[in-house]
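Structure, as structure tokens:
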Amino acid sequence: MRRVGVRVLSLTLAAALVSTASAQGRLRKSVGLDRTGWFPADRDALRKDVNRYLKNAGDVKVEGKPVALIAPHAGYTYSGPAAGFAFKPIVGKQYKRVILLGPSHRAGFSGASIANVDAYGTPLGNVPLDRTSCLKLLACDVFKSHPTAHREEHSLQAELPFLQRALVDWKLVPVLIGPWQNDLSVGKIAEAIKPLLTDDTLVVVSSDFTHYGRGFRYTPFRTDLKSNIRKLDQGAIDRICANDCKGFRDYVAKTRITVCGREAISVMLKLFEGRKDVRGKLVKYANSGDRGNDYRHAVSYASIVITDVDATPLPARKVDLDPPRTDERTGVISAEKLTEKEQKVLLRMAREQLEKAVKERKGIDTKQYGWDLNKRLLARGGVFVTLKNKGRLRGCIGDIIPQQPLYASVVRNTVNAALYDPRFRRDRITKKELPEIHIEISYLTPMRKVNSITDIVVGRHGVLLEKGPRRAVFLPQVATEQGWDRETMLRHLAMKARLPADAWKEGCTFQVFEAQVFGEKAHAEPPERK
């Protein structure tokens with residue numbers, strides 16, 4: 001059994017580790033990912049798509065603070081580019097709660113429904129629910145939990161990947177609005193939600209606009225389809241942007257426009273009814289018929305941002321929308337991937353230090369070698385150094401939290417792995433072994449908390465477990481090398497932390513990280529100097 005040792009872990013980890021859903025938490029998984037139409041089931045592909053849609057939206061300017069937005073929910077290949085415009089103004093903004101309103105396409109009911117779950121899952125991870133707020137809503141007679149309505153519904157899940165990429169550290173209140181609403185029930189739903197509208201709350205409405213064609217049983221005109229569909233949608237958009245709930249509902253009744261989220265939009269407008277400081281702006285309009293210039297069966301998409309024009313915008317954090325890069329050998333994502341030249345420099349450093357440490361019990365003076373230390377190697381970085389003899393572990397020590405320049409961390413942890421790994425206190429590496437020792441370096445991405453163990457991907461994620469004063473860590477490659485599944489890995493991780501094997505099931509917190517792993521060739525290379 002291989003276990004990875006950690007000599008030093010920063011005490012700040014205790015404050016950083018927070019878990020909002022237990023290992024047994026109820027999870028609402030995304031539906032329909034493998035069939036044409038929604039979004040990719042692969043995490044990397046989904047992240048890349050959403051990042052691209054947000055970046056391509058450019059600088060979307062709105063006045064004041066966004067308090068609500070309307071975004072489409074069709075398949076991303078159709079509506080994703082338009083949705084990027086809706087979410088771009090909130091990228092990095094510090095909202096703590098998102099009230100997500102969407103229509104029920106498959107189940108008919110009056111009032112609103114909230115799924116009886118602890119989190120919603122997408123390939124990008126799990127989104128924890130604001131359970132306190134959900135329970136307050138469910139205490140109102142107009143709110144229920146209709147399991148069948150949520151089973152195959154996609155309108156809420158379609159917005160989550162955009163929210164996951166745009167915002168940091170937030171909780172969800174997911175509300176499915178039934179198709180059978182009158183003015184009274186719309187008002188009741190809005191009145192129940194209003195107490196939740198704090199300064200750091202955002203309302204998101206999931207809705208496509210006109211569904212035109214025989215398949216939708218809606219053909220109010222037969223000529224000049226593109227122009228007439230746009231005019232029809234614009235009538236609804238104008239009333240939404242004017243914050244006119246009654247006008248919007250009257251327009252829907254008069255035209256029978258097939259806006260699938262009309263009831264959810266009505267609830268949103270009711271929330272801000274009468275407020276002169278709240279107004280909307282259409283930031284993007286598109287139609288599925290644009291792809292082939294054929295509008296005989298088409299759905300239109302309107303991205304609208306509702307703002308409080310008198311409010312001060314929320315502070316923002318920087319969100320990296322650059323597409324992640326994947327190491328071809330390991331399949332691990334690293335936004336700061338080391339080049340082959342940088343890898344070779346670090347491996348030569350480690351080899352020189354290993355020879356010096358074992359033979360003389362000394363450290364090396366890196367200045368005497370003339371190595372090319374560029375900005376990347378001089379920047380702080382988390383790194384582990386692993387030493388093996390014909391596949392057998394002989395030492396592994398590292399820093400999860402960057403403490404020194406990357407090159408210095410490699411040198412220091414080579415010494416630690418060779419001389420101070422507590423598992424080999426009585427069996428240190430010998431001079432005779434040196435030619436057979438293989439050096440492997442794992443360059444780590446920053447750690448991030450996970451809300452559930454279902455977020456942990458075996459073979460991709462390294463895992464830090466903490467329970468009280470006990471903690472332990474495995475690098476990403478450990479589980480793969482041992483042939484472990486997730487639960488087996490967590491059992492071994494708990495035991496490594498000197499906890500019972502099943503301790504991971506309750507009361508533990510988890511953080512994950514990824515690694516770019518590289519090493520010497522099959523046989524150790526002799527030290528090289530410039």
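Computed from the coordinates by the stated procedures, all read-outs in this text should not be read as laboratory data. Since this is a predicted model, take the numbers as computed values, not measurements. Every residue, glycine as well, gets a Cβ built from its backbone with ideal geometry; the counts of neighbours run over all protein chains shown.
Test Phe518 against the criterion of being of a type in the set (A, V, I, L, M, F, W, C), in contact with an Asp or Glu (Cβ under 9 Å, 6 or more places away or on another chain) and surrounded by 14 or more Cβ atoms within 10 Å (Cβ to Cβ), and give yes or no.
In short, yes.
Filtered by the rule that a residue be assigned to a loop (DSSP other than H, G, I, E, B) and not β-branched (Val, Ile, Thr), the stretch 132-166 gives Ala139, Cys140, Asp141, Ser145, His146, Glu152, Glu153, His154, Ser155, Leu156.
When Val383 is tested against (1) of a type in the set (Val, Ile, Thr); (2) buried (at least 19 other Cβ atoms within 10 Å of the Cβ); (3) more than 29 Å from the chain's Cα centre (by Cα), exactly one condition is not met: (3). Cβ separations smaller than 6 Å between residues 6+ apart or across chains give the following pairs from the stretch 249-276 residues that are without any contact (Cβ under 8 Å) to a residue 60 or more places away in the chain to residues that are among the charged types (D, E, K, R): Tyr251/Arg239; Val252/Arg262. For the residues Ala115, Ala107, the requirement of being closer than 27 Å to Thr454 by Cα, assigned to a loop (DSSP other than H, G, I, E, B) and not basic (Lys, Arg) singles out Ala115.
Checked against the criterion of being among the hydroxyl-bearing types (Ser, Thr, Tyr), in contact (Cβ under 8 Å) with a residue 60 or more places away in the chain and surrounded by 19 or more Cβ atoms within 10 Å (Cβ to Cβ), the stretch 150-158 has at least one qualifying residue.
Condition check: within 24 Å of Gly75 (Cα to Cα), in contact (Cβ under 8 Å) with a residue 12 or more places away in the chain and not β-branched (Val, Ile, Thr). Does Gly235 satisfy that?
no
The residues of the stretch 174-196 that are surrounded by fewer than 19 Cβ atoms within 10 Å (Cβ to Cβ) and over 10 Å from Lys270 (Cβ atoms), listed by number, are Pro179, Trp180, Asn182, Leu184, Pro195, Leu196.
Residue by residue, here is whether (1) in a helix (DSSP H, G or I); (2) farther than 29 Å from Val512 by Cα holds:
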site	(1), (2)
Lys337	no, no
Lys344	yes, no
Arg351	yes, no
Val358	yes, yes
Gly363	no, yes
Asp372	no, yes
Arg376	yes, no
Thr414	yes, no
His438	no, no
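Out of Asp169, Asp208, Asp199, one residue alone is loosely packed, with under 15 Cβ neighbours inside 10 Å, in a loop (DSSP other than H, G, I, E, B) and either at positive phi or in contact with a His (Cβ under 7 Å, 6 or more places away or on another chain) (or both). It is Asp169.
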